Structures are given as structure tokens and as C-alpha cells.
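Here is the structure we will look at.
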Amino acid sequence: MPKQHYSLSRCVKVTLMATPRNGAPKVSVLLCLSIFFVFLLLSSGRVFGQSSPVFACDVGSNPALASLGFCNSSLGIDSRVADLVKRLTLQEKIGFLVNSAGSVSRLGIPKYEWWSEALHGVSNVGPGTRFSNLVPGATSFPQVILTAASFNASLFEAIGRVVSTEARAMYNVGLAGLTYWSPNINIFRDPRWGRGQETPGEDPLLSSKYGSSYVRGLQQRDDGNPNGLKVAACCKHYTAYDVDNWKGTDRYHFNAVVTKQDMDDTYQPPFKSCVIDGNVASVMCSYNKVNGKPTCADPDLLAGVIRGEWKLNGYIVSDCDSVDVFYNSQHYTKTPEEAAAIAISAGLDLNCGSFLSKHTEAAVKGGLLAEAAIDKAITNNFGTLMRLGFFDGDPRKQLYGKLGPKDVCTQENQELAREAARQGIVLLKNSPAYLPLSPTAIKSLAVIGPNANVTKTMIGNYEGIPCKYTTPLQGLTASVATTYQPGCSNVACSTAQLDAAKKIAALADATVLIMGADQSIEAESRDRIDITLPGQQALLVTEVAKASKGPVILVIMSGGGMDISFAKSNVKITSILWVGYPGEAGGAAIADVIFGYFNPSGRLPMTWYPQSFADKVPMTNMNMRPDPSNGYPGRSYRFYTGETVYTFGDGVSYSSFKHHLVQAPKTFFIPLEESHICHSTRCKSLDVGDQHCQNLGFDIHLRVKNTGAMSGSHTVFLFSTPPSMHSSPQKHLLGFEKVFLTAQTEAQVRFKVDVCKDLTVVDELGNRKVALGQHVLHVGSLKSSLNVRI
């Protein structure tokens with residue numbers, strides 16, 4: 001760069017000397033500046049980076065590439081990949097083991113950046129994607145925890161489709177990659193976890209449905225090609241990862257001690273579903289150790305389970321610098337060469353970071369690693385790129401080639417972001433039916449709180465640049481006249497500004513308090529200690545409620561649950577809404593719910609615990625099940641035995657809904673061959689792997705009626721309480737269906753129950769078994785007993 005600066009200064013100097021007194025520079029001088037400016041842009045890659053995609057096999061520019069087997073799209077992917085791998089030197093192969101993959105100009109392969117993010121919209125967090133004046137932003141959907149609260153699998157997939165379309169559009173103009181390290185499907189086990197906001201919540205079934213649905217939305221092509229990829233998704237962080245930085249324990253050193261029972265019952269199901277049901281193209285291993293082994297160095301977890309048992313069709317990538325972490329921070333190996341060899345041998349294909357590019361060659365030369373293991377890894381990487389069309393020539397001549405800036409931030413996409421927020425918002429309290437507010441009856445609305453007029457807070461983390469923002473204040477002001485006071489200078493709220501807030505509340509017809517958290521409170525590498533409202537927020541809420549002359553609506557904007565027991569029991573606080581981090585259109589969605597333009601239907605995807613839980617229970621205890629011997633209360637609605645502020649599935653509507661059970665069996669017989677041991681010995685359960693498990697199931701039929709005066713959606717949950725054995729859950733979710741009903745109408749809802757999947761428990765050794773005996777099925781307040789027998 002110094003030479004370029006020197007040349008520019010010379011050019012400027014010449015320009016100034018050659019400029020006539022009238023201020024018009026000579027044409028030659030302008031040409032000099034123009035040429036130099038273009039040179040600067042070309043040298044930085046910005047001109048081409050903003051106009052053309054990165055791809056291999058550019059036969060149009062280099063016809064000789066057409067003779068290379070891997071550039072022949074009529075051949076099968078396996079043949080093409082094998083042809084490519086055999087042409088590479090060892091050093092070239094190693095260059096394809098890292099996220100900033102090397103180029104091989106002699107084969108027409110450019111550099112490719114694997115790391116892009118799309119947690120809830122195309123993000124510029126990873127180096128593979130950026131925004132420019134060509135595409136200044138992308139649709140920013142609600143943070144995942146709020147989208148999950150919609151319990152709407154078709155919405156999960158629809159968001160994925162929009163995100164992948166915008167990603168492809170940006171790729172076509174050189175602003176984005178094709179490989180996206182999303183979604184995060186870790187279980188939200190502990191309310192203090194800073195990254196819980198990125199997840200679909202605490203329930204394995206909901207997390208599984210979310211993960212596989214979002215992945216399908218991202219990956220599935222529109223031409224029916226089952227092996228092709230629109231973009232490649234990645235389910236992370238495998239596995240039992242949910243401690244970032246709590247009281248001196250960080251994710252780089254934490255050893256998650258997990259029982260086999262909890263592993264197969266809670267932590268693994270979302271990943272299994274992501275691979276098997278979603279056909280995800282990638283899984284990312286995490287920083288932490290599990291039972292003493294770094295996940296990225298564990299052959300049982302990687303080669304054994306992901307690729308062996310679940311048959312991953314794609315690549316396994318490390319979290320960024322995970323290999324470096326298990327060598328330098330966890331001291332799992334004595335040398336960096338051993339770390340490289342162990343990771344690749346365990347089944348790791350791609351290293352986010354540079355560790356493998358530095359130490360793999362020495363590992364091969366030192367006899368620690370066979371070159372064939374590298375071939376296997378890059379085969380998985382290249383296979384993914386082949387499925388994406390990266391080696392098929394100019395993507396602008398392919399299926400998604402016509403997508404461009406016009407397809408990003410479309411009105412339809414932005415409306416879906418608003419709809420997603422509306423569907424996720426949870427009404428936790430509404431007594432005595434003060435909401436919705438009437439936009440004609442309310443002449444003045446006091447809007448108070450540190451989150452009342454925020455923008456970036458609404459989009460959470462792993463965010464991009466949104467198309468635009470609608471803040472809560474803007475959303476509310478669109479319907480009624482408002483007065484506004486922040487009440488606190490920020491969410492930390494070290495000193496509440498009570499007088500000004502109380503003054504406007506005392507004069508207004510109604511008051512909306514918008515409180516909660518932001519990334520300074522809960523974030524990656526930032527777990528909470530307290531789960532109450534930060535600082536003096538509770539004082540502000542209480543004092544404003546006391547001073548208000550009209551109804552008081554408390555809005556909590558947060559990723560994790562809050563102990564707001566004080567507000568739940570305060571009769572002056574008439575309504576409580578949880579809005580997660582609601583995305584770019586969050587303010588409009590909040591107003592839609594408050595004024596009744598939308599009937600709330602969201603339900604909590606996680607338990608809200610009291611502060612006493614955080615005071616007594618170590619975040620590092622990974623056990624899901626309670627232990628009466630030491631007072632450990634367990635975790636999540638499935639096992640937790642303590643008091644809650646709100647529980648999983650909580651949420652009310654402006655309507656009321658009634659369920660009527662139409663059809664459900666009272667007894668279900670499992671056929672067994674006559675020689676089966678359970679005919680002669682009393683069995684409490686049957687192994688799921690047995691032959692008797694094929695296609696065993698039944699249907700449950702319900703009628704659901706909207707008995708209210710307002711149309712709206714309703715989430716129908718089907719829970720089961722299994723027989724008491726193997727420390728089975730108190731109840732667990734078997735299925736959920738979202739149904740829209742106009743006022744005073746009803747609809748049929750059907751659940752298909754797979755006996756060997758839904759009526760099972762996991763034993764202490766991690767084996768899944770069909771529980772024999774009495775199961776209790778729950779839908780709302782309805783209960784139906786089912787006896788499973790042989």
C-alpha cells in the first residue's frame with residue numbers, strides 16, 4: 001500500500017500544479033486520477049467483487065477447462081470429485097481443508113470463502129458475505145427464539161426459502177457465498193445462556209422440527225433435483241454446547257459431562273433430525289469437550305454418529321479455531337501435528353481457521369496421517385460445492401442465474417418478516433382483557449422504556465444489515481398519538497429516570513413499557529448471572545404502573561426468559577407481552593398485536609425460571625433429570641420440578657379455544673412373534689430396534705373451536721406422559737399443529753402417532769425403548785389414557 005499512496009500523492013500534486021486558476025483541471029490530469037482510482041479498485045478486487053460471482057470451470061473464459069472431467073456436468077458428482085482430487089498436489093489439497101480455501105489457477109479453481117451466516121437472514125458476520133451500495137441490506141427476520149414461538153413449521157421453511165433466494169441473489173453479484181453456517185439447534189437448557197436467543201428453545205421435538213424445516217427452506221431447489229442445493233445449510237454446534245462464559249467457565253475450556261441417557265434423549269435428537277429429516281449439507285462441531293473429548297476430535301461423535309449412523313451427505317466443519325482451541329487451550333495433544341491428524345482422522349473435513357493449513361503437511365510427513373484421509377475430507381467438501389453448481393460454470397446461466405439485487409428486500413419478503421414477528425409474539429398476561437387497545441378510543445399513549453425506540457437491538461446477533469427498521473415507538477405512533485420517555489439511558493438502567501416517565505404515564509390514556517435486554521446483557525461469550533430485569537428496570541416498571549391512569553402493558557424484549565414475578569402479580573400491570581428480538585419489522589408487529597390488528601398466537605418455547613433457580617443451580621450441571629438426593633431440580637418442562645414464572649407452551653389469545661377429542665385409542669397392541677421373550681417374562685419396555693417396530697402407529701382426531709369473537713390462529717399441542725420408568729419425562733411433546741379459525745368456527749386436527757418414535761423413553765444406557773403400560777395423552781385440558789400392550 002505505501003507505493004500506491006505515494007503514487008496517489010504524486011498524482012494529486014501534479015493535478016494541483018496543472019489546475020488552471022479557474023479551477024478546471026486539465027483532461028489529462030482527470031484521466032490520471034481516474035486510471036489510478038480504477039487501479040486501486042481493481043487491486044482490491046472490489047470492482048469484480050460487486051459485479052460477478054465466484055465459480056470454477058469458467059469454460060467461456062478458458063475453453064481448455066471443458067476437457068477436465070470435474071468440469072463436465074453430465075458426469076455424476078462422485079466421478080467429478082474423484083477426477084478433481086486426483087489432479088491435486090498435497091499442498092493444494094491442504095488448501096481446501098480451511099474456510100478461506102485456496103485457488104488452483106491451472107485448473108480454473110478460484111479462491112472460495114466457506115464462512116457465511118444466515119441465522120435469521122443473510123448476515124455479514126462471516127467473511128463470505130458483505131453488503132454494498134448494490135445490495136445495502138437484506139431482510140432481517142426475528143431472532144430464532146421468537147420465530148420458534150410461532151410453532152409453525154411451514155413458516156420456518158418459508159423463511160428459509162426467502163433467505164436462500166436473497167443469498168443466491170447476492171452471490172450472483174459477488175457479494176455472498178453459497179455455504180451458510182446456520183441454523184443453531186442447540187437445546188436452550190439454561191436461561192442464563194447468552195446464545196439461547198439463536199436457538200428454537202428447550203424442547204427436542206420443536207428444535208428438530210425447526211432445524212429440519214429451516215434447512216429444507218434453505219437447501220431445496222425449485223427444479224426437483226433432490227441432490228442439488230440452492231444453498232448449503234449447516235446445523236450447529238454439535239454437541240451439548242450451551243455454556244459460553246459463566247463465572248469463569250468459558251466454552252473453550254468447558255467439559256460437558258453428559259449421561260448417555262441425556263445425550264440421546266435431549267442433546268442429540270435435533271442434530272439427528274437435521275441430518276436425516278432435513279438432509280443438511282453440513283454439521284459444525286463445537287468448542288467444548290463432551291465427557292473429556294473435544295467434539296472436533298471425537299471419532300465416535302463425528303465419523304461414528306454423524307457420518308456412520310446418520311449418513312450425512314456433506315461435510316463436517318469445526319467451529320472457528322476449534323482445532324487450535326483443543327491444542328492450545330485444552331492441551332488435548334502434545335503437538336499441533338497430532339491435533340491436525342486427530343481432527344481429520346476423527347471425521348473433520350473443514351477447519352474454520354488456519355490451523356490445518358499450517359500443520360497438516362507436517363502430520364503427513366511425520367507419519368501421523370495418511371494422504372488418503374485428506375482425500376476423504378476434501379471429497380466431502382468438493383461434493384458439497386458440486387451439488388451447489390460451483391463447478392458448473394457461470395451461475396448466471398443456471399437455475400438461479402436471473403436473481404439479483406431486485407430480489408433482495410422485496411416488499412413480500414419484508415412483509416414475511418413482519419408476519420413472522422406477529423406469529424411469534426407471546427401474550428403472557430391479559431387481565432381483565434385490557435388488550436387489544438382501541439386505536440380510536442386511545443387519544444394519548446405513553447411509550448416508555450430503554451427498548452422503546454431501538455433499532456439494532458431488535459435484530460439480535462448473527463445479524464445482517466436490514467432493509468429498514470420500524471421501532472416500537474414508530475409502530476405505535478402509526479396508530480395513535482404518543483409521548484415518549486426512555487426511562488433509562490440504556491438497558492443496564494443503572495439509574496432510572498422516574499419523574500419524567502411517571503409524568504407522561506399519569507397523563508396518558510394507556511402506557512406501554514418496553515423493557516428487557518440486548519446484546520450487552522446476553523450474547524455470544526456473555527452468559528447472564530441474574531435473570532431478572534437489569535438494573536433499575538423493575539423499579540421503573542413498578543413506579544410507572546403506580547402512576548399510570550390507564551392500562552399498563554409491559555413488553556419484554558429479550559432472548560432468554562426473565563423473572564418478572566413482580567409484574568405478573570401486580571394488578572396495575574394489566575398485560576404482559578414477550579416479543580423476543582422481533583427483527584426489522586418488530587415495532588410494526590408489536591403495534592399490530594397491541595391494537596388488535598393481529599390476534600396473538602405465540603407460545604413460549606422455553607421455561608421462564610425464578611431468580612432462585614439461577615442462585616442455586618450451577619449452569620455447568622448438564623443433567624436434565626432431577627436428583628432428589630441433593631435437591632437438584634432438573635431442567636426444562638420435561639423434567640424440572642421447581643417453581644416457574646412461566647412454562648413451556650404458555651401464552652394466551654384474544655379469543656378462547658375449546659378442544660374436543662373425536663378419536664383416540666384406549667389400547668394399542670404391539671404384535672410380537674410367539675418366541676419373543678416378553679411372552680414368557682414380564683417386560684416393561686421393548687427395544688425400538690426390534691422388527692416389531694415397522695409402521696406401527698395410529699391417528700388422534702380432534703375438533704378445535706374458536707369460541708371467541710375474534711379470528712385467530714391457535715397452536716394445538718399433543719403431549720404424552722409416559723409410564724414411570726427409566727426416569728422418564730413428566731410429559732413430552734409429541735406434535736403441534738397451527739390452525740387458523742374465524743370467530744365461532746371449528747376445524748378438525750389430526751395427529752399421526754408413531755408408536756416406536758413417540759411413545760418411547762430412553763434408558764440409562766442411551767437405548768430408546770417403547771414403554772409398555774399406561775400413557776396419558778394431553779391436549780389442552782383434555783386427557784386420554786392409552787394402554788400399550790403386547
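Taking first residues from region 470-492 that are under 18 Å from T457 (Cα atoms) and in the same structural domain as T457 (by the TED database) and partners that are among the charged types (D, E, K, R) and open to solvent by 10 Å² or more (accessible area, probe 1.4 Å), the Cβ contacts under 6 Å between residues at least 6 apart in sequence or on separate chains come to V491/D518. Counting the residues of region 750-770 that are in contact with a Lys or Arg (Cβ under 8 Å, 6 or more places away or on another chain), aliphatic (A, V, I, L, M) and either without any contact (Cβ under 8 Å) to a residue 24 or more places away in the chain or under 17 Å from P204 (Cβ atoms) (or both) gives 2. Number of residues in region 760-790 that are open to solvent by less than 20 Å² (accessible area, probe 1.4 Å) and over 23 Å from E674 (Cα atoms) equals 9. Taking region 284-339 as the range and being assigned to a strand (DSSP E or B) and among the basic types (K, R) as the test, the residues that pass are K289, K293.
For region 736-759, the set of residues classified as under 27 Å from the mean Cα position of the chain (by Cα) and under 20 Å from G712 (Cα atoms) consists of F736, E737, K738, V739, F740, listed by residue number. If you check A377, A370, A363 for being without any contact (Cβ under 8 Å) to a residue 60 or more places away in the chain and crowded, with 23+ Cβ neighbours inside 10 Å, only one passes: A363. A single entry from Q748, Q744, Q730 fulfils the requirement of being in a strand (DSSP E or B), open to solvent by 20 Å² or more (accessible area, probe 1.4 Å) and of a type in the set (S, T, N, Q): Q748. The number of residues in region 71-99 that are assigned to a helix (DSSP H, G or I) and either aliphatic (A, V, I, L, M) or out of contact with any strand residue (DSSP E or B) (no Cβ under 8 Å at 6 or more places or on another chain) (or both) comes to 15.
Checked against (1) out of contact with any helix residue (DSSP H, G or I) (no Cβ under 9 Å at 6 or more places or on another chain); (2) closer than 24 Å to F648 by Cα, H732 passes all but a single condition, namely (1). Out of N227, N255, one residue alone is out of contact with any Phe, Trp or Tyr (no Cβ under 9 Å at 6 or more places or on another chain), surrounded by fewer than 24 Cβ atoms within 10 Å (Cβ to Cβ) and not assigned by the TED database to the domain that holds C352. It is N227.
Scanning region 695-711 for residues that are part of a loop (DSSP other than H, G, I, E, B) and among the small types (G, A, S), which turns out least open to solvent (accessible area, probe 1.4 Å)? Per the stated criteria, the residue is G708. Counting the residues of region 246-283 that are of a type in the set (A, V, I, L, M) and assigned to a loop (DSSP other than H, G, I, E, B) gives 4.
Entry remark, region 421-458: residues being of a type in the set (A, V, I, L, M, F, W, C), over 20 Å from G516 (Cα atoms) and out of contact with any strand residue (DSSP E or B) (no Cβ under 8 Å at 6 or more places or on another chain) number 2 in total.
The rows are residues; the columns are (1) open to solvent by less than 10 Å² (accessible area, probe 1.4 Å); (2) within 17 Å of V243 (Cβ to Cβ); (3) touching a residue at least 40 places away in the same chain (Cβ under 8 Å).
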{"residue": "M263", "(1), (2), (3)": "no, yes, yes"}
{"residue": "T266", "(1), (2), (3)": "yes, yes, yes"}
{"residue": "D277", "(1), (2), (3)": "no, no, yes"}
{"residue": "V280", "(1), (2), (3)": "yes, no, yes"}
{"residue": "V283", "(1), (2), (3)": "yes, no, yes"}
{"residue": "G292", "(1), (2), (3)": "no, yes, no"}
{"residue": "A297", "(1), (2), (3)": "yes, no, yes"}
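Set side by side, the residues I576, I594 differ, and just one is under 25 Å from T607 (Cβ atoms) and either of a type in the set (A, V, I, L, M, F, W, C) or open to solvent by 20 Å² or more (accessible area, probe 1.4 Å) (or both), which is I576. Step by step: first the residues of region 480-529, then only those that are hydrophobic (A, V, I, L, M, F, W, C) and assigned to a strand (DSSP E or B), then the one that is surrounded by the fewest Cβ atoms within 10 Å (Cβ to Cβ). Which residue is that? In this case the residue turns out to be A523.
The values are calculated or read from the model by the stated rules, or taken from the named source; none is laboratory data. Here the structure is a predicted model, which means the values were calculated and not measured. In this analysis, Cβ positions are derived from the backbone assuming ideal geometry, glycine residues included, and neighbour counts consider all displayed protein chains. Note: accessible area is taken over every heavy atom of the protein model, side chains too, but ligands, DNA and RNA are not part of it. Shrake-Rupley method; radii C 1.70, N 1.55, O 1.52, S 1.80 Å.
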